[in-house]
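J.: Got a structure for you, questions after.
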Amino acid sequence: MTQETASLTETPMPGANTRKVFIKTYGCQMNVYDSGRMADALAVDGYAPTEVMEEADLVLLNTCHIREKAAEKVYSALGRLREHKKARAAEGKEFMIGVAGCVAQAEGEEISRREPAVDVVLGPQTYHRLPQALQKARAGERVVDTEYALEDKFEHLPDPTKVIGKPRSVTAFLTVQEGCDKFCTFCVVPYTRGSEVSRPLSQLLTEARRLVDSGVRELTLLGQNVNAWHGEDEQGMAIGLGDLLYKLAQIPGLARLRYTTSHPRDMDDRLIEAHRDLRMLMPYLHLPVQSGSDRILKAMNRRHKASEYVALIERIRSVRPDIALSGDFIVGFPGETDQDFEDTMNLVREVNYAQAYSFKYSTRPGTPGADLPDHVAEDVKTERLARLQALLLEQQQAFMQSMIGKTIDLLLEKPGRMPGQLIGRSPWLQSVNVDAKSSQIGDIIQVRITAAGPNSLFAEVAEG
Ligand code: 5AD
Ligand code: SF4
């Protein structure tokens, strides 16, 4: 799943809440979703969210372990929080520190050993127990709960649409699948998020309907390996993500569907048909390939060849020609030669991405990649990453420029910076600024793109 840093932006709940929680989210969209659900669990316990750390009685770091840097950030943030805790204690005020997410899962006890100021450590499968964990911590216990809970956390979390004071949003994430059984040799996810588990169809339809009833118009289905989702339909027949999309598409009021992140091996025929048949399935696909070299793909245990990936993209484009492609790339995987890297550059030229994320290989202890010979020197990784990113940026900008003059549908999501301005999303996930005084958030309007910046577009309302 694509890694971005985001902090929870929620307005404080009105009323009797006395305590405040500040949640800092690192990493992927699933962590953003999880932070929202943790905030729901805490709201029931009387905590209101705040965006100001200094106001908080509880700080939760929802962490990412995917690369070394992501994990290091957590320890430096904890060092700063320890000092803040001391200052608050001197004033006689409570201040609790919680670590959740994938660093919590991977490091467990080690976190409290390295940073004794931490009160609770909760893995991604146990965060529904957060209120009880805080209660224990208040009684003086240091809580580390990183087991794979036997109960289904989703059954134990409050209904996200019933939490009073939650701001309404027209877009929402819905986790449909968690964990991964693919074991790519660079990746910690199978160890931190555990093996693949799909949420049952009925649970998903219920949550989706509730979200739509509360004003959501666009749903993004989330999973570390979302297209490995599988379940049973009402008749007990085995179904996959394609079928799930057809079912969700029937929910009245829902206008758009997306899903992320997919593995090329799980792009089955039904899912490709969904791209052909469902206009509300947005023409944007994040399909990581990681490398364009068959040798490296094999060493990464990706279980497909570069040519198979390119052929898959061609099939998807043949049924949905306007689809925009996004990907993830790793440069400098152990053993990567100049020629392997050139193969990646050539694959990028062949596919032509609208958007992409690229990283230097980061050794993760405990993964098979860590034990491979021929680790690539840091300066070689840096140079390769710069070249790859220059090419990807060129393609992204060409894609943005190609939008100018087009009339497109825009889902209005939030107010813009200027009065009368609104910000929406294009079907291709670009952020679009438009002067649309007579429209409202949640509307889908037709706009004409007038200009393109590096990361966003500008538009005017299309006439008639
Ligand atoms: N080093 C660098 N990048 C990594 N990713 C996953 N593990 C590593 C690692 N050890 C990247 C992959 C994945 C994305 C979420 O993060 O490209 O698709
Ligand atoms: Fe990690 Fe590979 Fe699973 Fe993606 S498919 S989460 S990269 S192991």
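The values are calculated or read from the model by the stated rules, or taken from the named source; none is laboratory data. From a predicted model like this one, the values you see are computed outputs, not experimental measurements. All Cβ positions, glycine included, derive from the backbone under ideal geometry; neighbour counts span all protein chains shown. In case anyone asks, the SASA skips ligands and DNA or RNA and just uses the protein heavy atoms, side chains included. Shrake-Rupley method; radii C 1.70, N 1.55, O 1.52, S 1.80 Å.
J.: Can you tell me which of (1) more than 23 Å from Leu281 (Cα to Cα); (2) surrounded by 12 or more Cβ atoms within 10 Å (Cβ to Cβ) is the one Arg417 doesn't meet?
T.: (2)
J.: What are the residue pairs meeting all of these: first residue in the range 170-193, first residue within 26 Å of Leu205 (Cα to Cα) and of a type in the set (Phe, Trp, Tyr), second residue more than 8 Å from ligand 2 (Cβ to nearest atom) and not in a strand (DSSP E or B), Cβ atoms under 8 Å, and 6 or more apart or on different chains?
T.: Phe173/Gln29; Phe173/Met30; Phe173/Val32; Phe173/Tyr33; Phe173/Gly36
J.: Tell me the residue from Phe341, Phe329, Phe359 that is assigned to a strand (DSSP E or B), in contact with a Lys or Arg (Cβ under 7 Å, 6 or more places away or on another chain) and over 23 Å from Ile449 (Cα atoms), please.
T.: Phe359
J.: Kindly check whether there is at least one residue in the range 173-191 that is open to solvent by less than 60 Å² (accessible area, probe 1.4 Å), more than 16 Å from ligand 1 (Cβ to nearest atom), in a helix (DSSP H, G or I) and touching an Asp or Glu at 6+ places or on another chain (Cβ under 8 Å).
T.: Checked the range 173-191: no residue is open to solvent by less than 60 Å² (accessible area, probe 1.4 Å), more than 16 Å from ligand 1 (Cβ to nearest atom), in a helix (DSSP H, G or I) and touching an Asp or Glu at 6+ places or on another chain (Cβ under 8 Å).
J.: Here's another thing I want to ask about it. For the range 210-222, check the following and say yes or no: at least one residue is in a strand (DSSP E or B), open to solvent by less than 20 Å² (accessible area, probe 1.4 Å), among the hydrophobic types (A, V, I, L, M, F, W, C) and within 16 Å of ligand 2 (Cβ to nearest atom).
T.: yes
J.: Within the range 281-316, how many residues are under 16 Å from Thr261 (Cβ atoms), away from ligand 2 (no atom under 16 Å from the Cβ) and open to solvent by 10 Å² or more (accessible area, probe 1.4 Å)?
T.: Within the range 281-316, residues that are under 16 Å from Thr261 (Cβ atoms), away from ligand 2 (no atom under 16 Å from the Cβ) and open to solvent by 10 Å² or more (accessible area, probe 1.4 Å) number 2.
J.: What helices (runs of 4 or more DSSP H) completely inside the range 96-140 contain at least 3 residues that are surrounded by fewer than 23 Cβ atoms within 10 Å (Cβ to Cβ)? It would help to see each step written out before you state the result.
T.: On the way: elements: 102-107, 109-114, 130-138.
Answer list for the range 96-140: 109-114, 130-138.
J.: I need the full set of residues from the range 248-263 which are out of contact with any strand residue (DSSP E or B) (no Cβ under 8 Å at 6 or more places or on another chain) and surrounded by fewer than 19 Cβ atoms within 10 Å (Cβ to Cβ), in order please. Write out each step before concluding.
T.: Of the residues in the range 248-263, the ones out of contact with any strand residue (DSSP E or B) (no Cβ under 8 Å at 6 or more places or on another chain) are 250-253, 263.
Across the range 248-263, the qualifying residues are Gln250, Ile251, Pro252, Gly253.
J.: Failed condition for Pro158, given (1) without any contact (Cβ under 8 Å) to a residue 60 or more places away in the chain; (2) away from ligand 2 (no atom under 16 Å from the Cβ), with all others met?
T.: Here Pro158 meets the rest and fails (1).
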